[in-house]
Amino acid sequence: MAELERRLREGHTEARRLSSAELREALAQIATARLHRPALVVEYASELLKRGGLGDAEWAVQEQLATAALHVGAHGTAAAAVAALGRRFGGASLRVARLEGMCLEAAGRFEQARRHYGDMLGASPTNQLVLKRRICVEEALGNRAEAIVQLCEYLDVYMGDEAAWLHLASLYEAVPSLQRAAFCFEELLLIAPFNYHYHTRYAEVLQSIGGVDNLLTARRYYSHSVSLRKTPRALFGLLTCCKAVAGTRAGRGAKDNERLLALAREQLATAYAAEAPSLAPLLEA
């Protein structure tokens, strides 16, 4: 198993060179580890299905193949896999119906996909994956406001969905509605308080909103992000935020602000000198 995992991470062996057992194990590991290797899944699953003899395990492979084929734009392969699943499980399967909707999306038939998901939700109103797909359709149609409404309704039910809060924050930033985006990042920080990226994103939103109180709070969250992980994004945010604070009456000449400003500049200078020396002069701008 360890050898196979190493192969998957470093490269891959052609499907025809692997036994059926190795192909099945590779597909299982990709699914279990949630590795994003759709092209590899299409190659391995297609070869495995061509060999046959899978019994009931065929249907899990067909489902994995359908999803991966949609990722790489192999619409014919995806449609064939979904059709095989439909013949086996019929129209009563919500999993097959969801894949049919995804095929409609891939073909650009968004209005039809919207009606399809609506019918599915009539039978199963709280189906988490179908609710998410319907939101994706609204975004694809350019209906950002409706996507936001539906995502808020989704989060009323699945309030612990970290990815959904992050996506809603991004939608609010695009509108823009920064106060609402800030609320989303506050929820994310409750879910994942040690995620340095959320601290940085929250600070960026507060800094964009502006005002002395927001700048001071943003500085605190940039600082905490840097304490968790010294990323150039967080350090540059801290640098610009400290400069903004220095331009206010509350921050002018403040020793703690000057100390943080010097720290951010020093850490960034070190990082740029090592990775991108030609850009180092920008730090003094």
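Tilt of helix 58-72 relative to the longest C-alpha principal axis of the chain, in degrees (0 to 90, nearest 10)?
50
Among residues other than Ala181 whose Cβ falls under 13 Å from its Cβ, what is the net charge (Lys/Arg +1, Asp/Glu -1)?
Details: positive: Arg180, Arg201; negative: Glu173, Glu186, Glu187, Glu204.
Result for the neighbourhood of Ala181: -2.
Which value, in Å², gives the accessible area per residue of the chain when a 1.4 Å probe is used on the protein heavy atoms? Please list the in-between numbers first.
Values: 15370 Å² over 285 residues.
That works out to 54 Å² per residue.
By the scheme Lys and Arg +1, Asp and Glu -1, what is the net charge of all other residues having a beta-carbon under 15 Å from that of Leu85?
Computed value for this residue: 0.
Report, in debye and to the nearest 20, how large the dipole of the chain comes out about its Cα centre when Lys and Arg carry +1 and Asp and Glu carry -1 on their Cβ.
On the way: 34 positive and 32 negative charges, 75 e Å.
Roughly 360 debye, rounded to the nearest 20.
Taking only C-alpha pairs under 8 Å that are 6+ residues apart, what is the relative contact order of the range 207-285 in percent? Can you show the working numbers first?
Details: 60 pairs, mean separation 19.0, N = 79.
Relative contact order, the range 207-285: 24 percent.
Helix 196-209 versus the longest principal axis of the chain: what is the Cα-based angle in degrees, 0 to 90, to the nearest 10?
60
Quick check on the chain: helices-only [θ] at 222 nm, where DSSP H runs of length 4 and up contribute -39,500 (n - 2.57) each and the sum goes over total residues. Nearest 500, please. Present the calculation step by step, with values, prior to reporting the outcome.
Numbers: 15 runs with 215 residues, N = 285.
Here the helix-only value at 222 nm equals -24500 deg cm²/dmol.
Can you give the relative contact order of the chain as a percent, counting alpha carbon pairs under 8 Å and 6+ residues apart?
Details: 264 pairs, mean separation 19.4, N = 285.
RCO, the chain: 7 percent.
Compute the relative contact order of the range 1-133 as a whole-number percentage, counting only Cα pairs closer than 8 Å that sit 6 or more residues apart in sequence. Don't skip to the end; give the middle numbers.
Numbers: 106 pairs, mean separation 19.7, N = 133.
Contact order relative to length: 15 percent.
Once Rg and Dmax of the Cα atoms in Å is worked out from the coordinates, which option in (i) 21.9, 66; (ii) 24.5, 76; (iii) 28.2, 109 does it equal?
(ii)
Within a Cβ distance under 15 Å of Arg133, other residues only, what is the Lys/Arg minus Asp/Glu net charge? Intermediate results must be reported in sequence, preceding the final value.
Details: positive: Arg95, Arg98, Arg109, Arg114, Arg115, Lys132, Arg134; negative: Glu100, Glu105, Glu111, Asp119, Glu138, Glu139, Glu146, Glu153, Asp161.
Counting the neighbours of Arg133, the net charge comes to -2.
The values are calculated or read from the model by the stated rules, or taken from the named source; none is laboratory data. These numbers come from a predicted model, not from an experiment. Note that each Cβ is placed from the backbone with ideal geometry, even for glycine, and that neighbours are counted across all protein chains shown. These accessible areas exclude ligands, DNA and RNA; they are computed on the full protein's heavy atoms, side chains included. Shrake-Rupley method; radii C 1.70, N 1.55, O 1.52, S 1.80 Å.
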